[in-house]
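Each value in this text was obtained by applying a stated rule to the coordinates, not by laboratory testing. These numbers were taken from a predicted model, which means no experiment stands behind them. Cβ atoms come from the backbone with ideal geometry, glycine included; neighbour counts cover every protein chain shown.
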Amino acid sequence: MSKSKAVSRLKSGKDTWSTTKSNAQTIAKEASPISKAIGPEIDKGKNGLPKVGYFYHYHVAKEKNSSGEYIRLPGKEKKNQNGVHAFYGTPYK
C-alpha cells in the first residue's frame, strides 16, 4: 500500500501496519491534523510487561488538551475507540 493510501486509511479511522518504526511514525504524523504521533507504545498486561502477540504502534494525535496531553484520533470500530493504530514490525514474543 502506498504511503498516501496508508495516511488516508488512518484518517478514515482504520488501522495500518508498516514494516518499520519510521514508516509507522511518518504515516501517523501525516494523518494527524496537528502533525503529531503518540508513541511508540505497546499494550501491556497486568504484570506490566508487553503482551505476547501484540505489536508496537503509534496513535494519531487529534489535538492537545488544556493539560498539554495529546488526544487520540478515535477509530471507526469498537476496538479502536481508544485511537487508530499505526502498527509496525513483528509481534512481541
Before rounding to the nearest 500, sum -39500 (n - 2.57) across all DSSP H runs of length at least 4 in the chain and divide by the residue total; then give [θ] at 222 nm in deg cm²/dmol. -6500 deg cm²/dmol
Residues of region 9-26 with backbone N under 18 Å of the label point set 7 Å from the Cα of Tyr54 along Cα→Cβ are 15-18
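Please state the charge dipole magnitude for the chain, taken about the Cα centre, from unit charges on C-beta atoms (+1 on K and R, -1 on D and E), reported in debye and rounded to the nearest 20. Numbers along the way, then the final one.
On the way: 18 positive and 7 negative charges, 37 e Å.
The calculation lands at about 180 debye.
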√(5λ) per eigenvalue of the Cα gyration tensor, the chain, largest first, Å: 20, 17, 12
Of the listed pairs Lys5/Lys44; Lys44/Lys93; Lys11/Lys62; Lys21/Lys64; Lys14/Lys46; Lys14/Lys51, which have alpha-carbon separations greater than 20 Å here? Lys5/Lys44; Lys21/Lys64; Lys14/Lys46; Lys14/Lys51
Over region 6-59, what number does the Rg to Rh ratio reach, with both radii from the alpha-carbon atoms and Rh per Kirkwood? 1.02
Taking Cα pairs under 8 Å and at least six residues apart, what relative contact order does the chain come out at, in percent? 33
